[in-house]
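The structure appears right after this line, and notes come after that.
The values are calculated or read from the model by the stated rules, or taken from the named source; none is laboratory data. Fair warning: this is a prediction, and the values are worked out from it, not measured in the lab. Glycine also receives a Cβ, built like all others from the backbone with ideal geometry; neighbour counts cover every protein chain displayed. Heavy atoms of the whole protein, side chains included, go into the accessibility calculation; ligands, DNA and RNA do not. Shrake-Rupley method; radii C 1.70, N 1.55, O 1.52, S 1.80 Å.
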Amino acid sequence: MKLEPIITSLLDTDLYKFNMDQVIFHKHTDLIGEYYFKCRNEGIVFTPEMLAEINAQIDHLCSLRFTKEELDYLRSIRFIKNDYVEFLRLWRPIREYVTTSLDENGKLEIVVNGPLFSAMQFEIFLLEIVNEVYFRMQYDYALLLEEAQRRLEEKIAAFQSGKYTFKYAEFGCRRRLSRAWQDEVVRRLASETDNCVGTSNVYLAMKYHLTPIGTFAHEFVQMYQGIDSIPLAYTNHYAMQDWYAEYKGDNGTALTDTITTDLFLLDFDRSMVNNYNGVRHDSGDPYEWGEKIIAHYQKYGVDPKTKLLLFSDSLDFDRAQELYDYFKDKTKVSFGIGTFCSNDTGITPLNIVIKLQYVNGRPVAKLSDTPGKAMCKDPDYLKYLKDSVAFRLHREK
């Protein structure tokens, strides 16, 4: 089964890839990154035909270049700098950085290895490719699309009736049913309701004149674990320091849970509280997390109503509304909602990730606030990281 090209623009990715890459381009071009694919679902089998199609799609991806229109659009984003855009004029995805294989049980393996500023760009593209290949070749795509359309109609009607009152951004790139379906979802949610404030997908933001939304991901904090001079338990500090130096608060929503929110808060001191307009939740109990963040702001005499809590962990619209109702009178609240928007078909979506695992040959890891989300190729390093975090928390609390 031969599919049409899945990636047709190098803007068909999340904004935070450009945000993070710009910092790396300016400060850390010496870092080498190694990323690994993982499917968290049990019993998922990829066929040799699927692998062949995935490889063909990666080949096509690596033939793409940024167009003048795309570069001009990136330049129009106020915090994207001209020298970085000029670098992207020369940049291309390099096929040799990506290797793929299947084991004897149909387990898909993907490794990306190369300069971090280049290797990191593959993540979203590869997840988009794997998802669309799998769902088009494993199922009757027309039936999936029919059910997805029915469910989208229900979602739009619920916003139009006033059942849902919160604002949110569409974050659906990495686990979308298909490129065409995400396009339809974003177009309709943005044009037929007043609640969708933007999308993480830079191409769709450009196409539909929406706000591109995103700051940084776990990999940005993780990469500092691979820098020799930085103590492991202080990587949040150095990551936020570099981020502020790059953006001066203009792109300031911090992700708290890379090596636990409790540790993050030790470095989210008065200056950082003032420098960042809010924080993002991506693991752990969202209510406990929100109350902890509000108490942290109050400790520094900051009115929580002037700061944003952005929730983005496996949300659907009902859960988002419950969180909005709980926090709306305490602080600013918004949401990033992904799979529920872009791959809601009645079939369990693939829970797939591509995570940074080594920097300059050194293992790195994400701990998060949900233990099951930890991912590390080196169990000894993971234990050492946990011990380092626990030691600092014990010493400073």
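So here's what we get for this one:
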quantity	calculated
Rounded to whole Hz, the Karplus (6.51, -1.76, 1.60) HN-Hα couplings of the stretch 336-352, x for glycine and proline	x, 10, x, 4, 4, 7, 9, 8, 9, 10, x, 9, 4, x, 6, 9, 10
Sequence of Tyr139, Tyr384 when ordered by accessible area, the most exposed leading, probe 1.4 angstrom	Tyr384, Tyr139
Dipole of the chain, positive direction: furthest Cα of Gly372, Gln222, Met240, with charges on the beta-carbon	Met240
With 10 Å bins from 0: P(r) over the stretch 74-116, alpha-carbon pairs, percent	22, 30, 25, 16, 7
Principal axis box of the stretch 137-215, alpha-carbon based, largest edge first, Å	34, 30, 19
Residues of type lysines that Lys2 reaches as a straight line, Cα spacing below 26 Å, ignoring anything fewer than 8 places off in the same chain	Lys38, Lys107
Local electrostatic count, Gln225, Cβ distance below 12 Å [Lys/Arg +1, Asp/Glu -1]	-1
Which label in (1) 23.0; (2) 21.7; (3) 24.8 gives the computed Kirkwood radius over Cα pairs in Å	(2)
Square roots of five times the Cα gyration tensor eigenvalues for the stretch 16-168, Å	30, 27, 14
Amide proton proximity set for Thr211, modelled H, under 5 Å, gap of 5+	Thr199
Cα-based radius of gyration of the stretch 179-297 once divided by 2.2 N^0.38 Å, which approximates compact folds	1.23
Debye intensity ratio in log₁₀ form over the Cα atoms of the stretch 282-397, taken at each q of 0.10, 0.21, 0.22 Å⁻¹	-0.45, -1.17, -1.19
Sites excluded, GluC sites (Glu not before Pro) in DSSP loops with at most 11 other C-beta within 10 Å, longest stretch of the chain	105-397
Among Asp369, Asp344, Asp103: highest mean-square fluctuation, GNM of the chain, C-alpha pairs under 10 Å	Asp103
Computed accessible area, Cys39, all protein chains, 1.4 angstrom probe, square angstrom	40 Å²
Radius of gyration, Dmax [the stretch 90-227; alpha carbons; angstrom]	17.9, 52
